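Below is one structure, written out as structure tokens; comments come after it.
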Amino acid sequence: MSQTWKIIIAVVITTIVVGGGVYLWQNKYSTIKNNLKETPKEKSSILTKTHINRLFVIDYPEDWRTITNESGGLMEIRQPIDDHAVVSITYLDGRFHDIGRCDLSSRNWLGLKSEIIDEVYGSRLVRYDGMNKLNQPEIAFVAVSGIDDSIHGCTVIDYEDVWVSNKDIAFQIINSVRLSK
């Protein structure tokens, strides 16, 4: 067999192998893309309910449950079929509690950062981010009432065990927190 025929056969085999691989890849990619389009969104993946407290507003899925205190203050947001709170809320005021607990900078979170993300009529919303000792992200909000840094009370909004399950919903809830206008 001549050198020319060997080159032609090598080119044909290479073309078939590469072309077949590209064809299979495109087919697989197209199937995955179609499956993603056809997958229905879960009912609870869109926030549809809003709880307005004295200081803050928080949205959560319609089919999730809430626990409130005797005055109607939101205390927990729970998944529909689980008794574990995804969001827990603690109310602190100067008459009955140590107002110093409004400042979460004492938490043992690695790389703790705090940022004021909203201010309305002498109240402010502070977001705390860090990593816990298990190297998982932790986020908490503090809605603080008080003028001229004389804190009268605050609400600590903690996101609990959300990093294992329901991450999408947890992030939607986290991003929904804002001060009452």
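The values are calculated or read from the model by the stated rules, or taken from the named source; none is laboratory data. Keep in mind it's a predicted model, so treat the numbers as computed, not measured. Note: ideal-geometry Cβ built from the backbone for every residue, glycine included; neighbour counts use all protein chains shown.
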Listed by first then second residue, the pairs whose first member lies in the range 100-124 and is touching a residue at least 40 places away in the same chain (Cβ under 8 Å), whose partner is loosely packed, with under 12 Cβ neighbours inside 10 Å, with beta carbons under 7 Å and at least 6 positions apart or on separate chains, are V120/K181; R124/I116
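Run down E62, E76 and say which single residue is surrounded by 16 or more Cβ atoms within 10 Å (Cβ to Cβ), modelled with pLDDT of 85 or more and among the charged types (D, E, K, R).
On the way: E62 fails: surrounded by 16 or more Cβ atoms within 10 Å (Cβ to Cβ).
None of the others qualify; the one that does is E76.
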Filter pass, D93 being under 21 Å from the mean Cα position of the chain (by Cα) and either modelled with pLDDT under 80 or exposed (fewer than 12 other Cβ atoms within 10 Å of the Cβ) (or both) | no
Checklist line | Residue in the range 1-18 that is of a type in the set (K, R), within 30 Å of V142 (Cβ to Cβ) and modelled with pLDDT of 75 or more present | finding: no
Filter the range 34-57 for residues that are in contact with an Asp or Glu (Cβ under 7 Å, 6 or more places away or on another chain) and at pLDDT 80 or above; the one that is surrounded by the fewest Cβ atoms within 10 Å (Cβ to Cβ) is T50
